[in-house]
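As structure tokens, the structure follows; a few thoughts come after it.
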Amino acid sequence: MAQFDVLLDYLRQLNIVSIFVRFAFTIFCGGIIGMERGKKRHPAGLRTHLVVCIGSASVMMVSQYIALYFSANTDPARLGAQVISGIGFLGVGTIVVTGHNQVKGLTTAAGLWASACMGLAIGIGFYEGALIMCLFLYMVLEVLERLDEQYLKTSNNIKLYIEYAHTMRLSSVITHLRDKGWKTHAIEQLKTDCDCAAMLVTLSHAGKRQAHDILLEGLRALDGVCFAEEI
């Protein structure tokens, strides 16, 4: 037990090992929340939560670095706090809502915010923390993108945008989905400028992970379905 306390005290200090451990822990904790949100089809999923968690961890390490290595009569972190809150105005400009009510740009906005935090670390001379943060952010945005996409494509929760002919009975689409084992949670009718009606359908599957491509192919093959895509 005493050795464990010594290890914790060492990791609470600001050194290369503790920096790696802290960023690795943000991947673990942020990933748990991000995967849970992504599984339920929320706009901010795995990568968005990871990027924000990494960025916020870096801010706290920068604050610790300032307290350890700088002594000043004024608060050296005040300007950094303004940067952290002000970057949100820039991030909002990257978030858009498409015509199908799909939110895009959240990861980009989170990346801008985390990059601002990384800039604070570099500006105060916290070079090793900024470098390690840069490596972790790159891994999240580049390497984990494929994992995130693969996870969502085989999730048991899905939201579909479907266009269908006005003469088609909506019950035939719902029956097809139920026959494939999908449970309908919500249906939202949408206005369109084309000759087809449109709706948003939220589904879930109680069995093993389902390939969404197979579901979409079956829907598109139905008589009367004009268009179908996952959002």
Using a 1.4 Å probe, how large is the accessible area of residue 230, given in Å² and rounded to the nearest 10? 50 Å²
FRET efficiency estimate (nearest 0.05) - Cβ-Cβ, residue 206 to residue 15, R0 45 angstrom: 0.40
Apply the Karplus parameterisation 6.51 cos²θ - 1.76 cosθ + 1.60, with θ equal to phi minus 60°, to every residue of the range 25-31 and state each ³J(HN,Hα) to the nearest whole Hz, in sequence, with x for glycine and proline. 5, 5, 4, 5, 5, x, x
Theoretical FRET efficiency, 1/(1+(r/R0)^6), r = Cβ-Cβ of residue 230 and residue 85, R0 30 Å, to 0.05: 0.30
Which FRET efficiency, nearest 0.05, do residue 166 and residue 222 yield, Cβ-Cβ r, R0 22 Å? 0.90
Largest to smallest accessible area among 5, 223, 213, 193 [probe 1.4 Å]: 193, 223, 213, 5
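The values are calculated or read from the model by the stated rules, or taken from the named source; none is laboratory data. Because the structure is a prediction, the values reported are computed rather than measured. Glycine gets a Cβ as well: all are built from the backbone with ideal geometry, and neighbour counts include every protein chain shown. Areas reflect the complete protein model, heavy atoms only, side chains present, ligands, DNA and RNA absent. Shrake-Rupley method; radii C 1.70, N 1.55, O 1.52, S 1.80 Å.
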